[in-house]
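Step one of this worksheet: look at the structure below.
The values are calculated or read from the model by the stated rules, or taken from the named source; none is laboratory data. Computed from a prediction, not measured in an experiment: that's the story for all the values here. A quick note on method: Cβ atoms are made from the backbone with ideal geometry, for glycine too, and the neighbour counts reach across all protein chains shown. The area values use the complete protein model at the heavy-atom level, side chains included, leaving out ligands, DNA and RNA. Shrake-Rupley method; radii C 1.70, N 1.55, O 1.52, S 1.80 Å.
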Amino acid sequence: MTQWLRELLFLPERASTFADRVDALHYQVFLTTMGVWAVITLVMGYFFVRFRRKRVEQSTEPFHPPLSMEVFFVAVPLVVFLGWFTIGFRDFTWYRNPPPDAIDVYATGKKWMWKFTYPEGPNAIDTLHVPVGRPVRVLITSRDVIHSFFVPAFRVKQDAIPGRYTETWFIATRTGVFDVFCAEYCGLSHSRMLGKVVVMPVEEFEDWRAAEREQSFAARLDADPTRDEARATLVTQGERLALEKGCGRCHTVDGTPHLGPTWRGLYRSMQTLTTGENVVADEAYLTRSMMNPGAQKVAGYFTDMPSYFGLLTNAEAAALVEYIKSLKGEEPAPGAMR
Amino acid sequence: MSSTAHGHAASVGNGHDAPAGHHHNPGFIEKYLWSTDHKMIGFQYLFTGMAMALIGGFTVYAFRMQIAFPGMSIPGYGRVTAGDYNALVTTHGTVMIFWVAMPVLIAALGNYLIPLMIGCDDMVFPRLNRLSYQIFLVSALVLISSFFVEGGAFGGAWTSYPPLSSKSQYNLTGVGSTLWVVAVALEFVAFLLGGINFVTTVMNSRAPGMKLWDVPIVVWMIVLASILFMASVGPLVAGAVMLIFDQNFHTGFFDPVKGGDPVLWQHLFWFFGHPEVYVVLLPAMGIVAEVITVFSRKRLFAQRTVIMTAIAVGIISFFVWAHHQFVAGIDPRMANVFSVTTLIISIPVAEMVFVYIGTLYGGSIRLTTPMLWALAFIAEFLLGGVTGIFLGASGADIYFHDTYFVLAHFHYTFFPIAFIAVFAAITHWFPKMFGRTLNETFGKVHFWGTVIPFNCIFIPLFVLGVRGDHRRIYDYRHFPDSMQAGMQDLRVFATLSLVVLLAFQVVFLVNFFYSMFKGPKAPANPWHANTLEWAAPSPPPHGNFPEGLPTVYRGPYEYSHPDRKEDYWPQHIAPEGA
């Protein structure tokens with residue numbers, strides 16, 4: 001019956017538990033409203049034919065509606081509408097409260113693609129893999145403009161808003177591949193923004209996720225025995241780099257000043273420049289100081305640092321920054337000097 | 001305040017004791033462009049609105065053709081790029097709502113009808129009225145000029161959601177987007193001035209004897225709509241200023257990186273945007289009330305109920321706006337409130353529809369063109385209204401939001417409002433406006449040629465929306481599932497129906513302009529109607545009532561009174577023996 005109604009009303013295929021609820025409400029509202037609309041229009045049409053003017057200056061009988069009639073016409077729609085409100089609101093609340101055991105996936109909209117990330121990896125562009133029959137919660141945000149995560153087969157839709165996370169969730173009821181649209185107009189290539197959600201059997205999904213994690217870039221680096229340093233964290237890589245590049249000739253890591261400022265406690269500290277300006281030594285400043293040291297020089301140091309532009313790769317610069325970040329501010333070790 | 005208003009009205013009135021139009025021979029500019037006469041200002045708004053409707057119609061033609069025949073060179077436009085498409089969609093929505101529906105329904109009809117229907121010689125603030133139109137004209141020119149600047153017209157959709165609308169690297173139309181906001185803000189200033197004028201005029205300048213319940217429904221509706229507009233527009237004007245600052249001075253009201261919030265704009269926009277629907281609906285409802293009573297020769301079924309429900313609609317309309325944000329992540333408890341108000345607001349509107357249909361009962365219905373339009377309004381608007389229920393029930397809205405279902409729903413409300421009701425008004429008051437009669441056959445051809453294609457456009461779009469088509473898509477070929485059997489056929493069918501609908505508007509324009517100059521002369525009261533405008537000559541001269549301002553003795557809908565031989569009893573005719 002409902003399958004037949006679904007096709008009659010042109011609803012697309014249904015592949016989530018929420019879709020069943022939406023469609024059930026839709027059938028009720030559709031059948032009732034269209035029935036009422038037909039009755040009202042037919043009554044109007046009947047009046048139109050029945051009370052057509054037959055001769056010029058034909059006068060009409062005055063008619064004063066009883067109050068009961070007006071009450072009737074207010075009360076009946078009110079009761080029906082509030083009934084729909086109750087159903088719609090019940091479903092809406094259900095929809096906005098994901099079960100606690102749901103699998104989390106992060107979805108980031110950006111012009112003009114969806115990026116899906118599982119907390120422990122992997123991540124993927126435009127293709128979301130989910131297990132069938134298990135609740136999946138999608139945490140949605142945007143990198144630029146407002147997008148909207150829309151899976152017609154699941155009947156779910158949630159705006160992706162920059163600067164905040166919104167969430168939606170679903171339980172897919174069958175395996176298959178379904179469209180992910182962006183329902184909120186998002187600029188020039190809005191009509192090229194298309195993702196897919198792949199619903200897999202649970203075991204297949206677990207296998208897929210494990211395999212993907214194994215194949216991820218980080219996992220491959222960790223697994224490679226010939227690349228010892230790659231297994232290290234960024235901080236230890238940075239520590240080794242500092243030794244190799246000889247940073248310690250001018251910078252200490254114990255908090256005492258030397259030819260250059262100490263690295264301990266440097267990150268996010270306020271530094272006064274030779275120009276008298278104050279800057280916060282954030283990632284951007286630290287990177288800039290490696291590449292163009294003379295541009296924003298901390299006051300009180302006289303030696304000019306050479307530029308490492310071209311001598312450090314991006315990854316190396318990032319490792320050094322991470323190393324500096326790891327050196328949290330402490331009391332300097334007594335007498336310590338490299 | 002009110003004493004100056006009266007003083008002014010009196011002095012103008014004295015000036016017109018002399019036969020109309022003889023006190024002064026105005027030149028072309030003074031008569032047609034610099035006039036303070038409310039009728040001329042009404043015409044200015046009407047013709048500007050009609051010209052803008054041509055722009056709105058042309059833009060929809062161009063982008064619907066692109067949807068139906070993607071990549072094809074469109075006759076009369078050329079190839080539509082994705083950027084063009086976005087600008088066309090934006091312009092269509094903006095123009096049709098702000099530069100067609102608003103000026104025609106509120107400003108044109110309000111200016112033309114209010115002084116005539118309440119029996120006075122002009123608006124209380126005629127120069128303010130002139131200024132209102134001039135600002136409106138500037139706003140229209142600013143909007144049109146945005147097509148010719150670098151980057152082209154604004155491509156951020158008529159709802160203009162930031163960050164898309166606030167950053168030119170996103171919308172790619174930096175100058176156009178600022179011009180768009182400036183034009184919208186200017187236009188609001190124009191209607192604020194007009195609204196002040198309408199309310200003051202109706203409060204102060206009614207004919208002697210005219211109590212508030214004797215004021216015709218359409219005047220009630222325009223005044224209520226003006227109040228609604230003035231009360232709701234403030235936040236949006238503030239929002240527009242913030243948007244201009246975000247666009248040009250790199251402030252961060254709507255920028256999360258700078259601590260702003262893009263959803264704030266949605267609240268400001270829809271706090272205005274939803275009452276706006278009722279701002280245009282109420283005058284349309286008023287027009288239909290006038291037309292239906294005149295052509296069914298009946299008292300309005302329940303006049304006070306209509307006014308009370310209109311007031312109720314106005315109040316509730318301030319509490320429904322967040323139903324546009326059910327999927328923007330608002331708290332379910334907040335959605336709760338807005339869902340229930342959204343469903344409740346349909347009840348007073350449904351009540352009005354019942355009253356109008358009840359008026360037909362036992363009537364003596366004349367099948368004139370305005371009556372056809374009025375009945376079509378009820379049937380079509382009803383369909384628009386009930387499809388709103390689908391969206392008001394918040395659970396179902398999650399699916400239908402931002403699909404063609406929403407689009408078809410609001411076109412089923414806006415098209416009846418902005419076109420069907422307006423055609424009812426124009427065909428009804430044309431004899432009064434121009435002193436000549438429209439051709440009925442042409443009128444009926446135009447009626448069927450508009451209403452049938454209208455349904456052929458939007459019923460397929462309902463189907464596509466239910467099917468899951470999302471909005472503002474330049475080329476559906478990018479979505480294989482949206483190109484399944486039959487779906488593109490529906491898009492083509494809707495587009496061809498649109499072309500037919502547009503073509504039939506030529507019939508209207510020919511009828512309108514031919515009859516304006518060459519139509520048979522109309523008597524003062526061709527429809528045997530009761531309201532005061534029919535007591536004035538057709539067309540009314542400067543000052544409106546050359547035989548002196550009328551006095552009112554009864555309500556506006558005394559049709560088929562048992563004590564009268566004629567089936568109508570104009571408001572200004574003194575009772576026998578008085």
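Listed values, structure above:
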{"read-out": "Whole-Å distance, taken between Cα centres, linking segment A:1-45 and segment B:442-505", "value": "21 Å"}
{"read-out": "Solvent-free Debye scattering, log10 I(q)/I(0), computed from the Cα coordinates of chain B at q = 0.06, 0.13 Å⁻¹", "value": "-0.30, -1.44"}
{"read-out": "Residue B:524-residue A:50 FRET efficiency (beta carbon distance; Förster radius 30 Å; 0.05 resolution)", "value": "0.40"}
{"read-out": "Normalised convex hull volume, segment B:114-263, alpha-carbon set, Å³ per residue", "value": "118 Å³"}
{"read-out": "Globularity ratio of segment B:86-138, using Cα Rg and 2.2 N^0.38 Å", "value": "1.41"}
{"read-out": "Unit Cα scatterers, Debye sum, segment A:103-214: log10 I(q)/I(0) for q = 0.16, 0.18, 0.21 Å⁻¹", "value": "-0.65, -0.83, -1.11"}
{"read-out": "Alpha carbon convex hull of segment B:420-578, projected area averaged over orientations, nm²", "value": "14.3 nm²"}
{"read-out": "Virtual spin-label span in nm between residue A:211 and residue B:563, 7 Å along Cα→Cβ", "value": "9.3 nm"}
{"read-out": "Fully extended contour minus Cα-Cα distance, from residue A:127 to residue A:10, at 0.36 nm per residue", "value": "39.5 nm"}
{"read-out": "Whole-percent carbon and sulfur share, accessible surface of chain B, 1.4 Å", "value": "68 percent"}
{"read-out": "Length-normalised contact order for chain B - Cα pairs under 8 Å, 6+ apart - percent", "value": "16 percent"}
{"read-out": "With DNA, RNA and ligands ignored, accessible area of residue B:69 (1.4 Å probe; Å², nearest 10)", "value": "60 Å²"}
{"read-out": "Residue-normalised accessible area of segment A:103-214, expressed per residue, 1.4 Å probe, Å²", "value": "33 Å²"}
{"read-out": "Rg/Rg_ref, chain A, where Rg_ref = 2.2 N^0.38 Å and atoms are Cα", "value": "1.64"}
{"read-out": "Local electrostatic count, residue B:519, Cβ distance below 12 Å [Lys/Arg +1, Asp/Glu -1]", "value": "+2"}
{"read-out": "Å² of accessible area per residue within segment B:49-117, as computed with a 1.4 Å probe and no ligands counted", "value": "23 Å²"}
{"read-out": "Using distinct alpha-carbon pairs, which all enter the 1/r mean, Kirkwood radius of segment B:409-458 in Å", "value": "11.8 Å"}
{"read-out": "Cβ-based net charge around residue B:85, under 13 Å, with every Lys or Arg adding one and every Asp or Glu removing one", "value": "+3"}
{"read-out": "10 Å binning of all Cα-Cα separations within segment B:213-338, expressed as whole percents from 0 upward", "value": "12, 32, 27, 17, 9, 3, 0"}
{"read-out": "Descending semi-axes in Å of segment A:232-326, equivalent ellipsoid built from Cα gyration tensor", "value": "20, 14, 13"}
{"read-out": "Shielding by other protein chains, A:14-25, mean Cβ within 10 Å", "value": "2"}
{"read-out": "Mean separation of Cα contacts under 8 Å, 6 or more apart, over the residue count of segment A:232-326: relative contact order %", "value": "34 percent"}
{"read-out": "Percentage, to the nearest whole number, of Cα pairs in segment A:1-139 over 25 Å apart", "value": "58 percent"}
{"read-out": "Most mobile listed residue (A:58, A:215, A:28) in chain A, GNM with C-alpha springs under 10 Å", "value": "A:58"}
{"read-out": "Counted charge near residue B:102, where neighbours are those whose Cβ lies closer than 15 Å (Asp, Glu -1; Lys, Arg +1)", "value": "-2"}
{"read-out": "Rg to Rh quotient for the protein assembly as shown, alpha carbon positions, Kirkwood Rh", "value": "1.07"}
{"read-out": "Sites residue B:315 and residue A:115, calculated FRET efficiency, Cβ-Cβ separation with R0 35 Å, nearest 0.05", "value": "0.20"}
{"read-out": "Solvent-accessible area buried by A and B, counting both chains, probe 1.4 angstrom, square angstrom", "value": "7700 Å²"}
{"read-out": "Estimated inter-spin distance, residue B:69 and residue B:514, nm [label 7 Å along Cα→Cβ]", "value": "2.9 nm"}
{"read-out": "Average partner coverage of A:64-71, which counts Cβ from other chains inside 10 Å", "value": "3"}
{"read-out": "Spin-label pair residue A:273/residue A:204, simplified geometry with 7 Å Cα→Cβ offset, distance in nm", "value": "5.8 nm"}
{"read-out": "Helical segments meeting 27 Å axial Cα length and Kyte-Doolittle 0.0 threshold in chain B (DSSP H)", "value": "B:38-68, B:126-145, B:174-204, B:217-248, B:262-296, B:332-360, B:369-392, B:440-467, B:487-518"}
{"read-out": "Over chain A, relative contact order from alpha-carbon pairs under 8 Å, at least 6 apart, %", "value": "13 percent"}
{"read-out": "GNM top mover of A:209, A:164, A:137 - chain A, alpha-carbon springs below 10 Å", "value": "A:164"}
{"read-out": "Segment B:376-515 - accessible surface per residue (Å², probe 1.4 Å)", "value": "28 Å²"}
